[in-house]
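The values are calculated or read from the model by the stated rules, or taken from the named source; none is laboratory data. A quick note: this is a predicted structure, and the numbers were derived from the prediction, not measured. Here the Cβ positions follow ideal geometry from the backbone for every residue, glycine too, while neighbour counts run over all protein chains shown.
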Amino acid sequence: MILRRLAEQLRELGARGLARRRVARQGPQGARIAIDGREFLAFGSNDYLGLANHPRIVEAAIDAARRYGVGSGASHLVTGHSALHERLEEKLAVFADAPRALLFSSGYQANIGAITALTGAEDAIFSDTLNHASLIDGVRLSRATVVRYPHADLEFLGKALSGTPARTRLVVTDGVFSMDGDIAPLPRLLDLCERHDALLLVDDAHGFGVLGPQGRGSVAHFGLRSPRIVYVGTLGKAAGVAGAFVAGADEVVETVLQRARTYIYTTASPVLLAAAVEASLELIHGGDWRRERLRELIVRLKRELRGVGVALAPSDTPIQPLMIGGNAEALALSAALRERGMLVPAIRPPTVPEGTARLRISLSAAHVEDDVACLAAEVREVSAAALHA
């Protein structure tokens, strides 16, 4: 019976340490959050700039809700597209230094929509093995020939590009890899795309707002500008709101608008979110002090955890993975930290490769140095206890 089979599969997930459990947060996102009436020092969100409950963003959303209501009521291509959506797209294009931008309701939809709109059965996609699930799913849905290249292996990628007869070639990569925190070698990837007549799609979910001048992202971090770049920015992480956008050459964005099923067949996001993102963009642009605080916290965390029995992965971004290895061990360390008032999520397969379970420490400009020192002290104690158990 199908229900019995599902129950058996769920039991197996639990036995392998792969079952997921939700926590219900009470109150806003922040450096400290409340769960079941208890306050925790939290290192699990992607609210890198601490903007998720910023009063200016909240007020912008409230004001727009009063003027526009809540629901958009239709897709963008019917009557759901508002003047405020239009204005935000223009501002996002300027921010991303691109001719045009197109707003999506989520980063998942933006990645799937862009990939499937730009490629088909006669084309080839070259995808980094550590890319986010939304990129992987977009690649699968595209019907294109798929080449998965080893993480950041440019020699492998160059040979694969030179050997394809595909009509359209699309290289797909995270800008900042979400579970490792390392930055893609975008200049060399773009060079390969130039040499082999390919487009380069960069999912900058974890670089937008954090990297580059004024937080303009990983492409700006390297000072790159090219009509070959298809830039996907996520608005629910450093921006503190929700949604995403695809920016690039006019021909690219218009193709995505005309062909992306995740854009055509979904209701437009509420106008209040567009207003909130507008306010967030201003804070991101003027938020160099927030990015500087992040850099200071990253340095402090690395210094404090030097010599601990478990090592941080090499990362200069707010994503600081503490590499554990086994699923059970990662879960045990996460649980031990939670008992001490620290929320640090254990990340396990299939999100990361087998044998690389980790604690994913996410830093935010909402944290202060004492928060990081406190986390490091607790990590030292629980890891020492685990090693001597």
Exercise for the section: Could you grab the pairs with beta carbons closer than 8 Å, sequence gap of 6+ or different chains, first residue in segment 277-289 and part of a helix (DSSP H, G or I), second one surrounded by fewer than 23 Cβ atoms within 10 Å (Cβ to Cβ) and polar (S, T, N, Q)? Expected result: ILE284/GLN214; HIS285/GLN214; ASP288/GLN214
Fill in the blank from the handout: Per the list (1) under 23 Å from the mean Cα position of the chain (by Cα); (2) surrounded by fewer than 20 Cβ atoms within 10 Å (Cβ to Cβ), residue check on ILE319 breaks on (2)
Handout entry: Hits in segment 180-214 - residues which are surrounded by fewer than 20 Cβ atoms within 10 Å (Cβ to Cβ) and not basic (Lys, Arg)
Key = ASP182, PRO185, PRO187, ASP191, GLU194, HIS196, ASP197, PRO213, GLN214
Completion exercise
Within segment 339-375, the count of residues that are part of a helix (DSSP H, G or I) and closer than 25 Å to ARG293 by Cα comes to 7
Fill in the blank from the handout: Residues in segment 182-195 that are under 20 Å from GLY138 (Cα atoms) and assigned to a loop (DSSP other than H, G, I, E, B) total 1
Problem - Single condition LEU103 does not satisfy, out of (1) of a type in the set (A, V, I, L, M); (2) touching a residue at least 12 places away in the same chain (Cβ under 8 Å); (3) more than 19 Å from ARG261 (Cβ to Cβ) - result: (3)
Handout entry: Odd one out for ASP288, checked against (1) among the acidic types (Asp, Glu); (2) loosely packed, with under 14 Cβ neighbours inside 10 Å; (3) over 30 Å from ASP97 (Cα atoms); (4) touching a helix residue (DSSP H, G or I) at 6+ places or on another chain (Cβ under 8 Å)
Key = (3)
Handout entry: Of residues in segment 31-51 being over 15 Å from PRO318 (Cβ atoms) and of a type in the set (Gly, Ala, Ser), the one surrounded by the fewest Cβ atoms within 10 Å (Cβ to Cβ)
Key = GLY37
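Conditions (1) part of a strand (DSSP E or B); (2) at pLDDT 95 or above; (3) under 19 Å from HIS206 (Cβ atoms), marked per residue:
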| position | (1), (2), (3) |
| --- | --- |
| GLY50 | no, yes, yes |
| ASN53 | no, yes, no |
| GLU90 | no, yes, no |
| LEU102 | yes, yes, no |
| TYR108 | no, yes, yes |
| GLY113 | no, yes, no |
| THR116 | no, yes, no |
Completion exercise
Across segment 196-240, the tally of residues that are of a type in the set (Phe, Trp, Tyr) and part of a strand (DSSP E or B) stands at 1
Exercise for the section: Report yes if some residue within segment 30-46 is touching a strand residue (DSSP E or B) at 6+ places or on another chain (Cβ under 8 Å), in the same structural domain as LEU102 (by TED's automatic domain parsing) and on the phi > 0 side of the Ramachandran plot; otherwise report no. Expected result: no
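Mind listing whichever residues of segment 261-302 are within 30 Å of GLY80 (Cα to Cα) and among the β-branched types (Val, Ile, Thr)?
Here is the first cut: in segment 261-302, the ones within 30 Å of GLY80 (Cα to Cα) are 261-285.
Result: THR262, ILE264, THR266, THR267, VAL271, VAL277, ILE284.
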Problem - Number of positions in segment 297-316 that are over 24 Å from the mean Cα position of the chain (by Cα) and either touching a residue at least 40 places away in the same chain (Cβ under 8 Å) or on the phi > 0 side of the Ramachandran plot (or both) - result: 6
Exercise for the section: State whether the residues of segment 250-266 include one that is of a type outside the set (Lys, Arg), in contact (Cβ under 8 Å) with a residue 24 or more places away in the chain and closer than 20 Å to ARG188 by Cα. Expected result: no
Handout entry: One residue from GLU329, GLU378 being closer than 18 Å to ARG32 by Cα, modelled with pLDDT under 95 and either of a type in the set (A, V, I, L, M, F, W, C) or not in a loop (DSSP other than H, G, I, E, B) (or both)
Key = GLU378
